[in-house]
Amino acid sequence: MAETVLYQRVALIGLGHIAGSMALALRRKGLVGEIVGTARSAETRAVAAEIGLVDRVVETAAEAVEGADLVVLAVPVGAMGAVAAEIAPALKPGATVTDVGSVKRTVVEAVAPLMPEGVHFVPGHPLAGTEHSGPRSGFAELFENRWWLLTPIEGTDPEATARLRRLLEAFGANVDEMDVDRHDLVLAVVSHTPHLIAYTMVGVADHLRRVTHDEVIKYSATGFRDFTRIAASDPTMWRDVFLTNKDAVLDILGRFTEELFTLQRAIRMGDGEMLHAYFTETREIRRGIIQAGQDTDAPDFGRGKKP
Ligand code: NAP
(Lines give C-alpha, C1' and ligand atoms only; values in the text may rest on other atoms or scores of the structure.)
Protein backbone atom coordinates (compact mmCIF):
# COMPACT_ATOMS: atom_id res chain seq x y z
CA MET A 1 0.00 0.00 0.00
CA ALA A 2 1.39 3.41 -0.95
CA GLU A 3 2.29 5.68 1.94
CA THR A 4 2.92 9.42 1.69
CA VAL A 5 5.55 10.31 -0.89
CA LEU A 6 8.34 11.71 1.30
CA TYR A 7 10.85 12.63 -1.42
CA GLN A 8 10.10 13.20 -5.08
CA ARG A 9 13.46 11.97 -6.30
CA VAL A 10 15.99 9.78 -4.50
CA ALA A 11 19.53 9.20 -5.75
CA LEU A 12 21.33 6.04 -4.67
CA ILE A 13 25.11 6.30 -5.06
CA GLY A 14 26.37 2.74 -5.04
CA LEU A 15 24.05 -0.10 -6.01
CA GLY A 16 25.14 -2.87 -3.68
CA HIS A 17 23.60 -4.77 -0.78
CA ILE A 18 22.39 -1.79 1.24
CA ALA A 19 21.36 0.52 -1.62
CA GLY A 20 19.67 -2.40 -3.38
CA SER A 21 17.68 -3.25 -0.26
CA MET A 22 16.73 0.41 0.10
CA ALA A 23 15.57 0.56 -3.52
CA LEU A 24 13.35 -2.48 -3.03
CA ALA A 25 11.94 -1.14 0.26
CA LEU A 26 11.29 2.29 -1.29
CA ARG A 27 9.50 0.69 -4.23
CA ARG A 28 7.39 -1.61 -2.10
CA LYS A 29 6.16 1.20 0.12
CA GLY A 30 5.67 3.82 -2.61
CA LEU A 31 7.63 6.30 -0.54
CA VAL A 32 9.28 8.24 -3.34
CA GLY A 33 8.50 9.52 -6.80
CA GLU A 34 11.57 8.36 -8.72
CA ILE A 35 14.68 6.37 -7.79
CA VAL A 36 17.85 7.13 -9.74
CA GLY A 37 20.94 5.03 -9.16
CA THR A 38 24.56 4.74 -10.15
CA ALA A 39 27.53 2.53 -9.35
CA ARG A 40 31.24 2.71 -10.02
CA SER A 41 31.45 -0.10 -12.57
CA ALA A 42 29.60 -0.48 -15.86
CA GLU A 43 28.97 -4.09 -14.86
CA THR A 44 27.02 -3.22 -11.70
CA ARG A 45 25.09 -0.51 -13.55
CA ALA A 46 24.16 -3.02 -16.25
CA VAL A 47 22.94 -5.58 -13.70
CA ALA A 48 20.88 -2.92 -11.87
CA ALA A 49 19.29 -1.85 -15.16
CA GLU A 50 18.64 -5.46 -16.21
CA ILE A 51 16.83 -6.37 -12.99
CA GLY A 52 15.03 -3.00 -12.78
CA LEU A 53 16.45 -2.25 -9.35
CA VAL A 54 15.85 1.49 -9.78
CA ASP A 55 13.79 3.59 -12.20
CA ARG A 56 16.81 5.08 -13.95
CA VAL A 57 20.48 4.04 -13.98
CA VAL A 58 22.95 6.78 -14.88
CA GLU A 59 26.70 6.73 -15.43
CA THR A 60 28.01 9.18 -12.87
CA ALA A 61 27.23 10.19 -9.31
CA ALA A 62 27.06 13.87 -10.34
CA GLU A 63 24.40 13.01 -12.90
CA ALA A 64 22.47 10.89 -10.37
CA VAL A 65 22.08 13.67 -7.80
CA GLU A 66 20.72 16.25 -10.26
CA GLY A 67 17.31 17.34 -8.95
CA ALA A 68 17.36 14.72 -6.17
CA ASP A 69 15.65 15.60 -2.87
CA LEU A 70 17.39 12.77 -1.03
CA VAL A 71 20.86 11.45 -1.83
CA VAL A 72 22.11 8.24 -0.22
CA LEU A 73 25.84 7.51 -0.19
CA ALA A 74 26.02 3.71 -0.12
CA VAL A 75 29.66 3.08 -1.04
CA PRO A 76 32.52 1.78 1.16
CA VAL A 77 33.49 4.17 3.96
CA GLY A 78 36.86 4.92 2.34
CA ALA A 79 35.15 6.11 -0.87
CA MET A 80 32.65 8.52 0.76
CA GLY A 81 34.88 11.62 0.55
CA ALA A 82 35.65 11.23 -3.15
CA VAL A 83 31.98 10.66 -3.97
CA ALA A 84 30.96 13.70 -1.89
CA ALA A 85 33.49 15.85 -3.75
CA GLU A 86 32.09 14.67 -7.07
CA ILE A 87 28.44 15.35 -6.23
CA ALA A 88 28.81 18.57 -4.20
CA PRO A 89 28.55 21.02 -7.12
CA ALA A 90 25.52 19.18 -8.57
CA LEU A 91 23.41 18.96 -5.38
CA LYS A 92 20.02 20.62 -5.39
CA PRO A 93 19.64 23.41 -2.79
CA GLY A 94 17.55 22.10 0.10
CA ALA A 95 18.42 18.46 -0.63
CA THR A 96 19.17 16.01 2.17
CA VAL A 97 22.30 13.88 1.90
CA THR A 98 22.68 10.82 4.07
CA ASP A 99 25.09 7.88 4.10
CA VAL A 100 24.93 4.30 5.33
CA GLY A 101 28.59 3.87 6.29
CA SER A 102 29.48 1.54 9.14
CA VAL A 103 31.82 4.13 10.69
CA LYS A 104 30.65 7.66 11.36
CA ARG A 105 33.50 9.97 12.49
CA THR A 106 35.56 9.44 9.31
CA VAL A 107 32.53 9.90 7.07
CA VAL A 108 31.48 13.08 8.88
CA GLU A 109 34.99 14.49 8.57
CA ALA A 110 35.24 13.57 4.89
CA VAL A 111 31.76 14.61 3.76
CA ALA A 112 30.44 17.46 5.96
CA PRO A 113 33.00 20.11 4.90
CA LEU A 114 32.16 19.48 1.24
CA MET A 115 28.40 20.03 1.57
CA PRO A 116 27.21 23.31 0.03
CA GLU A 117 25.23 25.87 2.04
CA GLY A 118 21.56 24.89 2.17
CA VAL A 119 22.17 21.13 1.75
CA HIS A 120 21.37 19.04 4.84
CA PHE A 121 23.79 16.27 5.72
CA VAL A 122 22.34 13.65 8.09
CA PRO A 123 24.83 10.79 8.64
CA GLY A 124 23.29 7.38 9.27
CA HIS A 125 23.99 3.65 9.66
CA PRO A 126 21.56 0.74 9.34
CA LEU A 127 22.49 -2.05 11.75
CA ALA A 128 21.40 -4.57 9.18
CA GLY A 129 23.16 -6.53 6.49
CA THR A 130 24.32 -9.95 5.48
CA GLU A 131 27.62 -11.35 4.24
CA HIS A 132 26.41 -10.89 0.66
CA SER A 133 27.17 -7.93 -1.55
CA GLY A 134 26.38 -6.54 -4.97
CA PRO A 135 23.25 -5.39 -6.82
CA ARG A 136 21.48 -8.76 -6.71
CA SER A 137 21.90 -9.28 -2.97
CA GLY A 138 19.37 -6.81 -1.57
CA PHE A 139 15.92 -7.58 -0.20
CA ALA A 140 13.13 -5.23 0.91
CA GLU A 141 12.75 -6.73 4.39
CA LEU A 142 16.40 -6.26 5.39
CA PHE A 143 15.70 -3.31 7.68
CA GLU A 144 12.56 -4.61 9.38
CA ASN A 145 12.88 -4.51 13.16
CA ARG A 146 16.55 -3.53 12.84
CA TRP A 147 18.13 -0.39 14.26
CA TRP A 148 19.03 2.50 12.00
CA LEU A 149 21.22 4.99 13.84
CA LEU A 150 21.31 8.64 12.77
CA THR A 151 24.22 10.74 14.02
CA PRO A 152 23.21 14.34 13.27
CA ILE A 153 26.04 16.83 13.57
CA GLU A 154 26.09 20.41 14.80
CA GLY A 155 23.82 22.56 12.69
CA THR A 156 21.84 19.64 11.17
CA ASP A 157 18.33 20.82 10.32
CA PRO A 158 15.95 18.93 12.67
CA GLU A 159 13.27 18.90 9.96
CA ALA A 160 15.59 17.15 7.51
CA THR A 161 16.41 14.58 10.18
CA ALA A 162 12.72 14.10 11.03
CA ARG A 163 11.75 13.50 7.38
CA LEU A 164 14.54 10.97 6.92
CA ARG A 165 13.47 9.27 10.12
CA ARG A 166 9.93 8.88 8.75
CA LEU A 167 11.30 7.22 5.62
CA LEU A 168 13.45 4.78 7.59
CA GLU A 169 10.59 3.98 9.96
CA ALA A 170 8.45 3.20 6.92
CA PHE A 171 11.09 0.54 6.07
CA GLY A 172 10.21 -1.03 9.43
CA ALA A 173 13.45 0.14 11.05
CA ASN A 174 13.76 1.37 14.64
CA VAL A 175 15.47 4.75 14.44
CA ASP A 176 17.64 6.26 17.17
CA GLU A 177 19.90 9.28 17.26
CA MET A 178 23.40 8.95 18.65
CA ASP A 179 26.53 11.01 19.06
CA VAL A 180 29.10 10.34 16.29
CA ASP A 181 31.94 9.06 18.50
CA ARG A 182 29.59 7.13 20.75
CA HIS A 183 28.36 5.35 17.61
CA ASP A 184 31.88 4.34 16.63
CA LEU A 185 32.66 2.97 20.10
CA VAL A 186 29.38 1.05 20.41
CA LEU A 187 29.81 -0.43 16.94
CA ALA A 188 33.39 -1.43 17.74
CA VAL A 189 31.92 -3.57 20.55
CA VAL A 190 28.84 -5.02 18.88
CA SER A 191 30.05 -5.43 15.31
CA HIS A 192 33.59 -4.47 14.34
CA THR A 193 35.64 -6.40 16.92
CA PRO A 194 33.43 -9.53 16.69
CA HIS A 195 34.05 -9.51 12.93
CA LEU A 196 37.79 -9.27 13.51
CA ILE A 197 37.64 -12.19 15.92
CA ALA A 198 35.69 -14.25 13.37
CA TYR A 199 38.24 -13.39 10.66
CA THR A 200 41.01 -14.43 13.04
CA MET A 201 39.43 -17.74 14.02
CA VAL A 202 38.78 -18.69 10.40
CA GLY A 203 42.35 -17.61 9.60
CA VAL A 204 43.69 -19.88 12.35
CA ALA A 205 41.76 -22.83 10.94
CA ASP A 206 42.99 -21.98 7.46
CA HIS A 207 46.61 -21.91 8.61
CA LEU A 208 46.12 -25.32 10.19
CA ARG A 209 44.38 -26.71 7.16
CA ARG A 210 47.00 -29.25 6.26
CA VAL A 211 46.21 -30.96 9.55
CA THR A 212 42.50 -30.20 9.88
CA HIS A 213 41.11 -29.13 6.51
CA ASP A 214 38.66 -31.94 5.89
CA GLU A 215 37.60 -32.09 9.51
CA VAL A 216 37.03 -28.34 9.76
CA ILE A 217 34.66 -28.36 6.82
CA LYS A 218 33.03 -31.68 7.65
CA TYR A 219 32.35 -31.00 11.32
CA SER A 220 31.64 -27.28 11.13
CA ALA A 221 28.19 -27.69 12.67
CA THR A 222 28.89 -25.64 15.74
CA GLY A 223 30.46 -22.26 16.56
CA PHE A 224 32.96 -22.32 13.71
CA ARG A 225 30.22 -22.32 11.07
CA ASP A 226 28.90 -19.01 12.37
CA PHE A 227 32.41 -17.58 12.34
CA THR A 228 32.81 -18.59 8.69
CA ARG A 229 29.58 -16.82 7.74
CA ILE A 230 30.78 -13.60 9.34
CA ALA A 231 34.26 -14.02 7.88
CA ALA A 232 32.74 -14.25 4.39
CA SER A 233 31.73 -10.58 4.57
CA ASP A 234 32.87 -8.12 1.93
CA PRO A 235 36.66 -7.59 2.18
CA THR A 236 36.60 -3.97 0.93
CA MET A 237 33.90 -2.91 3.35
CA TRP A 238 35.64 -4.49 6.34
CA ARG A 239 39.09 -3.27 5.39
CA ASP A 240 37.67 0.27 5.41
CA VAL A 241 35.87 -0.29 8.73
CA PHE A 242 39.11 -1.26 10.48
CA LEU A 243 41.19 1.45 8.84
CA THR A 244 38.68 4.15 9.76
CA ASN A 245 37.46 3.04 13.19
CA LYS A 246 41.00 2.30 14.28
CA ASP A 247 41.03 3.89 17.77
CA ALA A 248 37.76 2.38 19.00
CA VAL A 249 38.59 -1.08 17.61
CA LEU A 250 42.08 -1.04 19.15
CA ASP A 251 40.56 0.00 22.49
CA ILE A 252 38.04 -2.87 22.47
CA LEU A 253 40.62 -5.33 21.15
CA GLY A 254 42.89 -4.43 24.09
CA ARG A 255 40.08 -5.18 26.54
CA PHE A 256 39.27 -8.38 24.66
CA THR A 257 42.86 -9.55 24.87
CA GLU A 258 42.94 -8.94 28.64
CA GLU A 259 39.75 -10.97 29.11
CA LEU A 260 41.14 -13.72 26.91
CA PHE A 261 44.26 -13.93 29.09
CA THR A 262 42.05 -14.17 32.19
CA LEU A 263 40.12 -17.08 30.68
CA GLN A 264 43.33 -18.66 29.42
CA ARG A 265 44.73 -18.54 32.96
CA ALA A 266 41.52 -20.02 34.42
CA ILE A 267 41.74 -22.92 31.98
CA ARG A 268 45.43 -23.46 32.76
CA MET A 269 44.77 -23.38 36.51
CA GLY A 270 41.68 -25.58 36.24
CA ASP A 271 39.53 -22.83 37.76
CA GLY A 272 36.13 -24.26 36.84
CA GLU A 273 34.31 -21.99 39.26
CA MET A 274 35.61 -18.89 37.51
CA LEU A 275 34.74 -20.25 34.05
CA HIS A 276 31.24 -21.24 35.17
CA ALA A 277 30.56 -17.83 36.71
CA TYR A 278 31.86 -16.09 33.57
CA PHE A 279 29.73 -18.16 31.20
CA THR A 280 26.66 -17.66 33.40
CA GLU A 281 27.02 -13.89 33.05
CA THR A 282 27.55 -14.02 29.29
CA ARG A 283 24.47 -16.21 28.88
CA GLU A 284 22.40 -13.33 30.27
CA ILE A 285 23.60 -11.09 27.43
CA ARG A 286 22.21 -13.58 24.91
CA ARG A 287 18.88 -13.65 26.75
CA GLY A 288 18.76 -9.85 26.63
CA ILE A 289 19.27 -9.89 22.84
CA ILE A 290 16.43 -12.37 22.37
CA GLN A 291 14.15 -10.35 24.64
CA ALA A 292 14.98 -7.20 22.65
CA GLY A 293 13.78 -9.06 19.52
CA GLN A 294 17.20 -8.78 17.83
CA ASP A 295 17.61 -12.52 17.21
CA THR A 296 15.74 -15.80 17.28
CA ASP A 297 15.84 -18.19 20.21
CA ALA A 298 15.18 -21.11 17.85
CA PRO A 299 17.79 -23.84 18.37
CA ASP A 300 20.76 -23.47 16.03
CA PHE A 301 19.45 -20.05 14.89
CA GLY A 302 16.41 -21.64 13.29
CA ARG A 303 18.41 -23.70 10.83
CA GLY A 304 16.25 -26.71 11.64
CA LYS A 305 17.37 -30.01 10.23
CA LYS A 306 19.06 -28.64 7.14
CA PRO A 307 22.66 -29.85 6.79
P1 NAP B 1 28.39 -3.58 -1.71
O2 NAP B 1 27.26 -4.51 -1.86
O3 NAP B 1 29.77 -4.08 -1.95
O4 NAP B 1 28.15 -2.30 -2.65
C5 NAP B 1 29.05 -1.21 -2.66
C6 NAP B 1 28.72 -0.27 -3.81
O7 NAP B 1 29.67 0.80 -3.77
C8 NAP B 1 28.82 -0.90 -5.18
O9 NAP B 1 27.80 -0.41 -6.01
C10 NAP B 1 30.18 -0.43 -5.68
O11 NAP B 1 30.20 -0.27 -7.08
C12 NAP B 1 30.33 0.92 -5.03
N13 NAP B 1 31.73 1.28 -4.84
C14 NAP B 1 32.70 0.48 -4.33
N15 NAP B 1 33.87 1.13 -4.27
C16 NAP B 1 33.64 2.36 -4.75
C17 NAP B 1 34.45 3.49 -4.96
N18 NAP B 1 35.77 3.48 -4.63
N19 NAP B 1 33.88 4.60 -5.48
C20 NAP B 1 32.57 4.60 -5.80
N21 NAP B 1 31.75 3.56 -5.63
C22 NAP B 1 32.28 2.46 -5.11
O23 NAP B 1 28.44 -2.92 -0.25
P24 NAP B 1 27.29 -2.67 0.83
O25 NAP B 1 27.23 -3.85 1.72
O26 NAP B 1 26.05 -2.18 0.16
O27 NAP B 1 27.97 -1.49 1.67
C28 NAP B 1 27.81 -0.15 1.33
C29 NAP B 1 27.99 0.70 2.58
O30 NAP B 1 27.06 0.26 3.56
C31 NAP B 1 29.38 0.61 3.22
O32 NAP B 1 29.80 1.90 3.63
C33 NAP B 1 29.16 -0.27 4.43
O34 NAP B 1 30.04 0.09 5.48
C35 NAP B 1 27.72 0.05 4.79
N36 NAP B 1 26.99 -1.02 5.50
C37 NAP B 1 27.06 -2.33 5.07
C38 NAP B 1 26.40 -3.30 5.77
C39 NAP B 1 26.49 -4.76 5.37
O40 NAP B 1 26.33 -5.64 6.20
N41 NAP B 1 26.71 -5.07 4.12
C42 NAP B 1 25.61 -2.97 6.89
C43 NAP B 1 25.50 -1.63 7.25
C44 NAP B 1 26.21 -0.66 6.56
P45 NAP B 1 30.67 -1.51 -8.02
O46 NAP B 1 29.71 -2.62 -7.75
O47 NAP B 1 30.51 -0.94 -9.37
O48 NAP B 1 32.06 -1.82 -7.61
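Tabulated results
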| item | result |
| --- | --- |
| Semi-axis lengths (Å, descending) of the ellipsoid that matches the C-alpha gyration tensor of the stretch 182-296 | 23, 22, 17 |
| In sequence order, calculated HN-Hα J values of the stretch 32-37 (Karplus, 6.51, -1.76, 1.60; Hz; x Gly/Pro) | 9, x, 9, 10, 10, x |
| Antiparallel %, DSSP beta bridges [both residues in the chain], to 5 | 10 percent |
| Centre separation in Å (Cα based) which lies between the stretch 81-130 and the stretch 263-278 | 47 Å |
| Radius of gyration and maximum dimension Dmax of the chain, Cα, Å | 21.2, 67 |
| MRE, 222 nm, helices only [DSSP H, n ≥ 4, -39500 (n - 2.57), over the chain, to nearest 500] | -15000 deg cm²/dmol |
| Using distinct alpha-carbon pairs, which all enter the 1/r mean, Kirkwood radius of the stretch 101-181 in Å | 13.7 Å |
| The chain: relative contact order in percent, alpha carbon pairs under 8 Å with at least 6 residues between | 15 percent |
| Expected-Rg normalisation [2.2 N^0.38 Å, Cα atoms] applied to the stretch 7-178 | 0.91 |
| Long-range HN-HN contacts of TRP147 with modeled amide H, under 5 Å | LEU127, ASN174 |
| Of HIS192, HIS207, HIS183, the one that fluctuates the most in a GNM where the chain has Cα springs shorter than 10 Å | HIS207 |
| Counted charge near ASP55, where neighbours are those whose Cβ lies closer than 10 Å (Asp, Glu -1; Lys, Arg +1) | +2 |
| Per-residue ³J(HN,Hα) for the stretch 164-179, Karplus 6.51 cos²θ - 1.76 cosθ + 1.60, θ = phi - 60°, Hz, x for Gly and Pro | 4, 4, 4, 5, 5, 5, 5, 6, x, 7, 9, 9, 9, 9, 8, 5 |
| Of the GluC sites (Glu not before Pro) in the stretch 135-208, those whose Cβ has at most 11 other Cβ within 10 Å and which sit in DSSP loop | GLU154 |
| Under-5 Å amide H pairs with GLU66, H placed in peptide plane, nonlocal only | none |
| Relative contact order of the stretch 1-81, pairs being alpha-carbon contacts under 8 Å that are 6 or more residues apart, as % | 40 percent |
| GLU177 long-range amide H proximity, modeled H, under 5 Å | LEU150 |
| The stretch 7-178, relative contact order [Cα under 8 Å, separation at least 6], % | 24 percent |
| Accessible area (Å², per residue) of the stretch 208-279, counting only protein heavy atoms and a probe of 1.4 Å | 75 Å² |
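The values are calculated or read from the model by the stated rules, or taken from the named source; none is laboratory data. From a predicted model like this one, the values you see are computed outputs, not experimental measurements. Glycine also receives a Cβ, built like all others from the backbone with ideal geometry; neighbour counts cover every protein chain displayed. Calculation scope for accessible area: heavy atoms of the full protein, side chains included, ligands and nucleic acids excluded. Shrake-Rupley method; radii C 1.70, N 1.55, O 1.52, S 1.80 Å.
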